1. Compute the Kirkwood hydrodynamic radius of segment 378-424, taking the inverse of the mean of 1/r over all pairs of distinct Cα atoms, and give it in Å to one decimal.
2. Rg/Rh for segment 26-162: what does it come to with C-alpha atoms and Rh from Kirkwood?
3. If you take the C-alpha gyration tensor of segment 111-159, multiply each eigenvalue by 5 and take the square root, what semi-axes do you get, largest first, in whole Å?
4. First check a/c for segment 460-594, with a ≥ b ≥ c the square roots of the eigenvalues of its C-alpha gyration tensor; if it is under 1.5, answer rounded, and if not, answer prolate when a/b is larger than b/c or oblate otherwise.
5. State the Kirkwood hydrodynamic radius of segment 518-574 in Å, one decimal place, computed from all pairs of distinct Cα atoms.
6. Find the all-direction average of the projected area of the Cα convex hull for segment 343-382, expressing the result in square nanometres with one decimal place.
7. Compute for segment 327-446: radius of gyration divided by Kirkwood radius, i.e. Rg/Rh, restricted to C-alpha atoms, rounded to two decimals.
8. Got the relative contact order for segment 140-201 handy, in percent, Cα pairs under 8 Å and 6 or more residues apart?
Amino acid sequence: MKTRKLLYLSAAFAGTLGLASCSLDEYNPGGFTMENIASNSVESYRTIVNQCYFGMERALYGCDGYMELTEAGTDLWTNAANVNSSNTQYFWYYAGAAPNLTYTNTVWNCIYDGIGSCNLAISLADRVPFETEEERNAAVAEARFMRAVYYFNAVEQFGGVTMITEPAEDMNFAPERTDPMTIYREVIIPDLEFAAQWLDRGDDATTTVPTKKSALGMLAKACLQTYEYGTTEYLQQALTTAQTLITDCENGGSQYGAYMYPTYAEVFAESNNWENKEALWKHRWHKDGSSNGNYKTNRNVEKFLCQLNHFGARVDDQATRITWEGSMQGVFMPSQYLLKLFVQDDGTLDPRFHQSFSTEWNANNNFTWDESTRENYDKDAGVVGKSIAVGDLAIKITMPQDADYQQLVSQKASLPYLLIDYADVYDDAARNVKMEYKGNVNNFRYFYPSLNKHNSGNWTVINESNKRNCNNNGTFIIRMAEIYLIAAEADIYLNGGANAAGYLNKVKQRAGAKTFSGTPTVRDVLDERGRELCGEYCRFYDLKRTGMLKNATYLNETHPDLGQYFKPEYALRPIPSNFTDVINNGASYQNPGY
């Protein structure tokens, strides 16, 4: 028997930034080591590869807080009812207060947890008794794909982080930061290229485990993102890779399985969720229960519902709280700019608006109008005593572009249900949310179009007191429509947009929207990404790549409530103080402005 260092797959990877796995000198009578697990069998090595996904499942796509890091703090969203709250670090860039230096801790830890797991799996692959090198490369490709994903998010959230590509043997209490483009050149892009070569083709049932089309999609996305750093080095690769998927999609998907649904509504139909054809990469949780003891798995469904319970015909009750229209109040309110993006040049609404946003809700509580509620919502005296029964229409939002808008607004004060006029919630002149109504608190601002892309009735009820419990639907991390938009943007940078309209219009035509004529600009593509991809983990990165996040004029034009608080340094998140406080160079390691 002898003493040796053991490598543990746990949060200890992140506890020292993954700069050292938690290595302990311990007596090991069973000879249990990761090397032995890898050498034992392909099946035992599979358990090591599976650990590569754990960091993502704990803190990234579909998890609590990650939608906020990728969509909040942008031109598209404000906090519920436009009120500063505990979400100020996400939606308002601290609203002028001192920055919170701990809210990124879980994401930071899980990213480096994941990187450590990937590095371990990659380093041990040569020990595994695979029958062929092709099988070995396919397994390594999973780990390299996931490592690229972790680093992509690390760089785009935190900037030049510490690059680690091998299991750490010792703890490093004075880590050095690596500039973003070095990480792209040496890790992110090579890992995705390797993954695109060696991953399996997979099929529509494949979930979480990436496939060839997953790698090609993420490779196109990563190559385009490098434009943020003032380089055109990877733009042609972004365009060529996107074109590869587009060609496959338009030829029936025979090589990679690339596919785009004929209609926009089919993309988010629940019947297409579990085996979504358009998703290039998706993440699903266990179909029959929770994972890792977490009663709430896919959390995205909880993020976007407006504050329905401000009206008495809607209450938080056991009967409805486990449905997506239940009582889990969301935090994402569309900005005035996001809603205006759906208004077409001819004054009509892009069809995606009413397919993407819920604007009507029925009562789940019997309700009778009284004098106080009548005053709160500026109703006529005649509504007092009128009732709304369970199942009746309780709340309806109407947009100026709706065909019956004028008629409904003229009847607003006498209708038996609560009619929310867009003009009572949003101020088009000021480009923001109205906080007052006739000199009083604006009670209408709690009700707004609610993104329904993530809604699902596929619940596993484990403990009803936990409300949502297990949402078993998948979350789409990248899908085919985005590839057309990547191609359009890359073509603008490379060719002046000669072919960009064709790519842009493929997405518009599928949606039934008015097509684009002329030569698109980057702003045109950015606007189309807002319409097509809002709420899909893209906007923070889109604004960074196109330079808009640091453009005070742009933010003040599109979202002035946010623009007043934004500082250029907030384009990067703070390195969590939980980490900087325990390293020797914490002050210099921290991002500027924090």
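The values are calculated or read from the model by the stated rules, or taken from the named source; none is laboratory data. None of the values given here were measured: they were computed from a predicted structure. As a convention, Cβ positions derive from the backbone with ideal geometry for all residues, glycine included, and neighbour counts pool all protein chains shown. Ligands, DNA and RNA are excluded from the accessible area calculation, which covers all protein heavy atoms including side chains. Shrake-Rupley method; radii C 1.70, N 1.55, O 1.52, S 1.80 Å.
1. Answer for segment 378-424: a Kirkwood hydrodynamic radius of 11.3 Å.
2. Numbers: Rg = 19.5 Å, Rh = 17.2 Å.
Taking Rh as the inverse mean 1/r over Cα pairs, Rg/Rh reads 1.13.
3. Numbers: eigenvalues 127, 21, 5 Å².
Whole-Å semi-axes of the equivalent ellipsoid: 25, 10, 5.
4. It is oblate, given that a/c is not under 1.5 and a/b is not larger than b/c.
5. Numbers: mean 1/r = 0.0827 Å⁻¹.
So the Kirkwood estimate lands at 12.1 Å.
6. Averaged projected area of segment 343-382's Cα convex hull equals 5.0 nm².
7. Working: Rg = 15.0 Å, Rh = 15.6 Å.
Value, to two decimals: 0.96.
8. Details: 49 pairs, mean separation 32.5, N = 62.
Relative contact order comes out at 52 percent.
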